Amino acid sequence: MTELNPITRPVLSAEVLFRRLAPTVAADVSQQLHRAGLVNANDLIFALTTGLHSFARNQGLCLATEFPLSWPQALEVLRGCRSEAEWETFLMQTSTAPQVKGYKMAKGASQMIRILETLQQTADMSPRIATAFGTWVITAVVIAHSGPLDADISLEELSDCL
């Protein structure tokens, strides 16, 4: 779970860190963007994916390559970290809420970029690891939106669209 690096400070594995942080970040960004007017769950997924895509591109990575490498593990780990009932109440957004355009979508995308840039700087993460974390955040949102049993279908569809 942890090991010592040459400077003798404990190092957590990415999976342990992501399992703890991704759902928290997903819930927080859901609440922030809901207050900002992004109330549709599909819009939330689109905005966060757009932000992740932009972040990856700016780091010289291709999200179409990186996303499929991370979401299966994220789904496997995150699926069981909450009950189905907890996942149902996880997001502030709903599928039936009015969809938004323009500014509110861009605000969601820029929020994801800020989260990943901050995490990359403060945790000294490589661009690839920060992109993987963004995938875990989106996976948590998709699990909450689609349900733990159907999230794989939604993530495969999302992956195909990249």
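Any residue at all in region 61-82 that's in contact with a Gly (Cβ under 6 Å, 6 or more places away or on another chain), assigned to a helix (DSSP H, G or I) and open to solvent by 70 Å² or more (accessible area, probe 1.4 Å)? Within region 61-82 (the criterion being in contact with a Gly (Cβ under 6 Å, 6 or more places away or on another chain), assigned to a helix (DSSP H, G or I) and open to solvent by 70 Å² or more (accessible area, probe 1.4 Å)), the answer is no, since none of the residues qualifies.
Figure legend. Inter-residue proximity from region 89-103: first residues open to solvent by 50 Å² or more (accessible area, probe 1.4 Å), second residues among the hydrophobic types (A, V, I, L, M, F, W, C), beta-carbon distance below 7 Å, spacing 6+ or different chains. Indicated pairs: 94/41; 95/41; 98/39.
Restricting region 18-41 to residues that are open to solvent by 70 Å² or more (accessible area, probe 1.4 Å) and in contact (Cβ under 8 Å) with a residue 60 or more places away in the chain, the residue that is nearest to residue 102 (Cα to Cα) is 32. Hey, can you tell me all the residues within region 28-49 that are of a type in the set (Val, Ile, Thr) and within 11 Å of the chain's Cα centre (by Cα)? Those that are of a type in the set (Val, Ile, Thr) and within 11 Å of the chain's Cα centre (by Cα): 29, 45, 49. Kindly check whether there is at least one residue in region 118-135 that is among the basic types (Lys, Arg) and under 23 Å from residue 32 (Cα atoms). No; the residues of region 118-135 include none that is among the basic types (Lys, Arg) and under 23 Å from residue 32 (Cα atoms).
For region 149-160, the criterion of being open to solvent by 30 Å² or more (accessible area, probe 1.4 Å), out of contact with any Leu (no Cβ under 6 Å at 6 or more places or on another chain) and polar (S, T, N, Q) is met by at least one residue.
Being assigned to a helix (DSSP H, G or I) and farther than 23 Å from residue 127 by Cα is a property that residue 87 has. Listed conditions (1) closer than 26 Å to residue 160 by Cβ; (2) modelled with pLDDT under 95; (3) open to solvent by less than 80 Å² (accessible area, probe 1.4 Å) are all met by residue 56, apart from (2). Filtered by the rule that a residue be more than 15 Å from residue 17 (Cα to Cα) and either in contact with a strand residue (DSSP E or B) (Cβ under 6 Å, 6 or more places away or on another chain) or in a loop (DSSP other than H, G, I, E, B) (or both), region 107-162 gives 147, 148, 149, 150, 162.
The values are calculated or read from the model by the stated rules, or taken from the named source; none is laboratory data. Worth saying up front: this structure is predicted, and the values here are computed from it rather than measured. Note that each Cβ is placed from the backbone with ideal geometry, even for glycine, and that neighbours are counted across all protein chains shown. Calculation scope for accessible area: heavy atoms of the full protein, side chains included, ligands and nucleic acids excluded. Shrake-Rupley method; radii C 1.70, N 1.55, O 1.52, S 1.80 Å.
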